[in-house]
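Have a look at the structure below, then the notes.
The values are calculated or read from the model by the stated rules, or taken from the named source; none is laboratory data. What you are looking at is a predicted structure, and each value in this text was computed from that prediction instead of being measured. Methodologically, a virtual Cβ is constructed for each residue, glycine included, from the backbone with ideal geometry; neighbour enumeration extends over all protein chains shown.
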Amino acid sequence: MIDVTYLREGLPTRLMRFGLLALILVLLLFPFIEMLSTALKPRSTLYAWPPAWFPAVPAWGNFLAIWSDVPLALYFWNSFVIAGGATALATLVGLPAGYALARFRFPGRQLFLYFIIGTQMFSPVVLLLALFLMLNAMALLNTHVALIVVNAAVALPFTIWMMTAYFSSVPAEIEEAAILDGAGRFRILVDHFLPIAAPGIATAMTFSFVNAWNEFLLALTFLSDAKLRPLTTGIYSFVGRYEIQWHLLLAASLVAIVPVFLGFLLMQRQLVAGLAAGGVK
Amino acid sequence: MAETPGSATRSSGSTDGLADTPSAGSPRARSARAYRRSHDDRAAASAYLAPAFALVAIFICLPIALTLWMSLNEVDQFGRFGGFVGLGHYLALFSDPQFIAAAWRTVIWTVSIVAATTVIALFLAVVLQQKFRGRALVRGLLLLPWATGLVIVSLLWRWMAHPDFGAIGRVVNAIGFPALRVEWLGNPALAFPLMIWVGIWASIPFTTLVLAAGIQSIDTDLYEAATLDGASQWRLFRDITLPQLRPVLAVSILLNVIFVFNSFPIIWVMTEGGPAGATDTLITFLYRKGFRFYDMGAASATSVVVFAILLGFAILHTRIMWRNVLR
């Protein structure tokens, strides 16, 4: 951590700098205050004129209504199944691949690494049409399996990249000693590599999970059954109705943000390190 | 930052890592080589890599190939092929003014969001470099917009842009235009800049955290030496922070370009590219062509154009990553 507070600096410069900081923070956070304020507005005042900044009587009941008027629990569960499934699949497949790329010597290894970094760039947008037709032919449209598999495929390059980086940092002696002891490749992976790579695995899993959790386009395109919707398209489906019930929509949104925000707070350091190393959002 | 993956990656060059270069003469490297010679890993490697390869091949590579083939054929909405048309779809696309307009708009969209985000985030990262009360709180609060998925962000801003009951209108009314009523999203000349702002708003936290991590890894001695020489705050920024941060800046700019270019939810949730396609980028243009109008020819040809642009970014990204991380 750098400490540059000892630098000589005039008071006006300091004031200006922190004033600007405060302005940016207000711009960044103001929407969340508006979100909370709307989420607490009673149905009757939502479209009342003149609009109020804050509800006179907060309607805390909105936060109960979202569980009964909207199948929010179901959306949560669907998001959890999709994001959890995609993360599990990407990790299970990506771990051995990263291990092989970091530790095995074989022709085409360099090429495979290029291939992995390259495919990281391909957002599902360009694949959408073909994926739709393929999933249709495989009878996977309108299933969670489709979203799990495609989200896993999208998350896989970063997972492999991260695993390769971590496994490469394990000293060769550890591996050689284990081999002399007669341990097999798989045993070595489990006993010696997994403990060292644990932070990297956690980071990769967090990214896979959050990306799948926030994913919108694939869910919008591949799921038509309302009962299968995750939070993103579930909350978005409020918009299709005649008059948008913004108070419920934003109350549901607030609740939906909480688990991700808490996860981000917990994983803050790993997330930033992961961003710097692998480059995913 | 010894335990971060960034340094793990960097150190990989000196152990038995990704690039088999340095310390070639050391005893450790010799034993590793001997060990390698005694083990043929080909069979094991293919077993470990096969599932990953299959997943990427089936769900990323195959769709790309299929899209390419679709763009050269007549295809109906059920995926039935009806004859080879060569470059017909591309010719139609490039003579479609809507497509050309969407392409230009994508450039404006990407460049303005990434440029503004980078400048603001750089400022925030430099301020966060200093110790002040509440710094940890500011960092934590930065995570909030980032943790909020783009769909919720876009819905929130759509509500705030409501001409009668939205918060933007209320702010405008409060700062001296009491009777003004604006259809923010009904008018493309207002809707598009507003969505650009939402894009900036959503990109700042991630970019700030990446740049702040980059600044943290700059050698403190550089600052101390320069301070002893009497360098001003601005000189420190221009002569130390900025040049030292260049590789991190390059990665963050490129990643933002890719994310912003690909971004779908902001525009789709706020305007669906409307009114009448006037706020389309290539991505929403593609989506509407394919899944609203079932014009598979135009949609697949647009996909290929977008793919070609992404491929350019990917090559750039690969080269930067290779230089920065694998060295």
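Any chance you could count how many residues in region A:170-186 are surrounded by 12 or more Cβ atoms within 10 Å (Cβ to Cβ), free of Cβ contacts under 8 Å to residues at least 60 places away in the same chain and not aliphatic (A, V, I, L, M)? Looking only at that region, the number is 5.
Per the conditions (1) assigned to a helix (DSSP H, G or I); (2) buried (at least 23 other Cβ atoms within 10 Å of the Cβ); (3) in contact (Cβ under 8 Å) with a residue 24 or more places away in the chain, the sole criterion not satisfied by A:LEU189 is (2). Hey, any hits in region A:209-231 for a residue that's surrounded by 22 or more Cβ atoms within 10 Å (Cβ to Cβ), facing another protein chain (nearest Cβ under 9 Å) and under 15 Å from A:PRO71 (Cβ atoms)? Within region A:209-231 (the criterion being surrounded by 22 or more Cβ atoms within 10 Å (Cβ to Cβ), facing another protein chain (nearest Cβ under 9 Å) and under 15 Å from A:PRO71 (Cβ atoms)), the answer is yes, since at least one residue qualifies.
Taken over region B:66-79, the criterion of being within 8 Å of another protein chain (Cβ to nearest Cβ) and at pLDDT 90 or above is satisfied by B:LEU66, B:THR67, B:MET70.
Does B:PHE53 satisfy the criteria of being more than 30 Å from A:ALA90 (Cα to Cα), facing chain A (nearest Cβ under 10 Å) and in a helix (DSSP H, G or I)? Judged against the criteria, B:PHE53 is not a match. Looking at region A:41-61, can you tell me whether even one residue there is part of a helix (DSSP H, G or I) and within 26 Å of the chain's Cα centre (by Cα)? No, region A:41-61 contains no residue that is part of a helix (DSSP H, G or I) and within 26 Å of the chain's Cα centre (by Cα). The residues in region A:104-125 that are within 7 Å of chain B (Cβ to nearest Cβ) and outside any helix (DSSP H, G or I) can be counted, and the count is 6. Checked against the criterion of being buried (at least 22 other Cβ atoms within 10 Å of the Cβ) and among the β-branched types (Val, Ile, Thr), the candidates B:ILE168, B:ILE152, B:ILE215 yield just one match: B:ILE152.
Residues in region B:272-315 that are of a type in the set (Val, Ile, Thr) and under 16 Å from A:LEU127 (Cα atoms): B:ILE283, B:THR284, B:THR302, B:VAL304, B:VAL305, B:VAL306, B:ILE309.
Only one of the listed residues (A:LEU194, A:LEU217) is over 25 Å from A:VAL260 (Cβ atoms) and in the same structural domain as A:ILE116 (by TED's automatic domain parsing). That residue is A:LEU194.
Number of residues in region B:164-201 that are acidic (Asp, Glu) and at pLDDT 85 or above: the value is 1. Every residue in region A:240-266 that is part of a helix (DSSP H, G or I), more than 7 Å from chain B (Cβ to nearest Cβ) and free of Cβ contacts under 8 Å to residues at least 40 places away in the same chain, please. A:GLY240, A:VAL258, A:PRO259, A:LEU262, A:LEU266 - these are the residues of region A:240-266 that are part of a helix (DSSP H, G or I), more than 7 Å from chain B (Cβ to nearest Cβ) and free of Cβ contacts under 8 Å to residues at least 40 places away in the same chain. Of all residues in region B:85-119, those satisfying the criterion of being among the hydrophobic types (A, V, I, L, M, F, W, C) and touching a Ser or Thr at 6+ places or on another chain (Cβ under 8 Å) are B:LEU93, B:PHE99, B:ALA102, B:TRP109, B:ILE113, B:VAL114. Scanning region B:87-138 for residues that are more than 13 Å from every other protein chain (Cβ to nearest Cβ) and not in a helix (DSSP H, G or I), we see that the one that is surrounded by the fewest Cβ atoms within 10 Å (Cβ to Cβ) is B:SER95. Among residues of region B:126-138 that are free of Cβ contacts under 8 Å to residues at least 24 places away in the same chain, those with a Cβ under 7 angstrom from a residue that is surrounded by fewer than 18 Cβ atoms within 10 Å (Cβ to Cβ), sequence gap 6+ or separate chain, pair up as B:VAL127/A:ARG17; B:VAL127/A:LEU21; B:GLN130/A:VAL4; B:GLN130/A:THR5; B:LYS131/A:ASP3; B:LYS131/A:THR5; B:VAL138/A:LEU25.
Scanning region A:62-76 for residues that are assigned to a loop (DSSP other than H, G, I, E, B) and buried (at least 16 other Cβ atoms within 10 Å of the Cβ) yields A:VAL70, A:PRO71. Within region A:26-48, being within 7 Å of chain B (Cβ to nearest Cβ) and either farther than 14 Å from A:HIS247 by Cα or modelled with pLDDT of 85 or more (or both) holds for A:LEU28, A:LEU29, A:PRO31, A:PHE32, A:GLU34, A:MET35, A:THR38.
Candidates B:ALA161, B:ALA147: the one that is under 28 Å from A:LEU220 (Cβ atoms), in contact with a helix residue (DSSP H, G or I) (Cβ under 8 Å, 6 or more places away or on another chain), among the small types (Gly, Ala, Ser) and modelled with pLDDT under 90 is B:ALA147. Which of the residues belonging to region A:75-117 are in contact (Cβ under 8 Å) with a residue 12 or more places away in the chain and under 30 Å from B:GLY297 (Cα atoms)? Residues satisfying the conditions are A:ILE116, A:ILE117. Taken as a whole, the structure leaves A:ASN151 outside the set of residues that are outside any helix (DSSP H, G or I), touching a residue at least 60 places away in the same chain (Cβ under 8 Å) and touching a Ser or Thr at 6+ places or on another chain (Cβ under 9 Å). Here A:THR143 meets each of (1) within 8 Å of chain B (Cβ to nearest Cβ); (2) surrounded by fewer than 24 Cβ atoms within 10 Å (Cβ to Cβ); (3) not small (Gly, Ala, Ser) with one exception, condition (1). Spot the failing condition for A:SER79; the list is (1) part of a helix (DSSP H, G or I); (2) outside the structural domain of A:LEU218 (by TED's automatic domain parsing), and only one is missed. Condition not satisfied by A:SER79: (2).
The rows are residues; the columns are (1) part of a loop (DSSP other than H, G, I, E, B); (2) at the interface with another protein chain (Cβ under 9 Å from one of its Cβ atoms); (3) among the polar types (S, T, N, Q).
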| residue | (1), (2), (3) |
| --- | --- |
| B:PRO193 | no, no, no |
| B:ILE196 | no, no, no |
| B:ALA202 | no, no, no |
| B:ARG235 | no, no, no |
| B:PHE261 | no, yes, no |
| B:GLY274 | yes, no, no |
| B:ILE283 | no, yes, no |
| B:LEU286 | no, yes, no |
| B:GLY290 | no, yes, no |
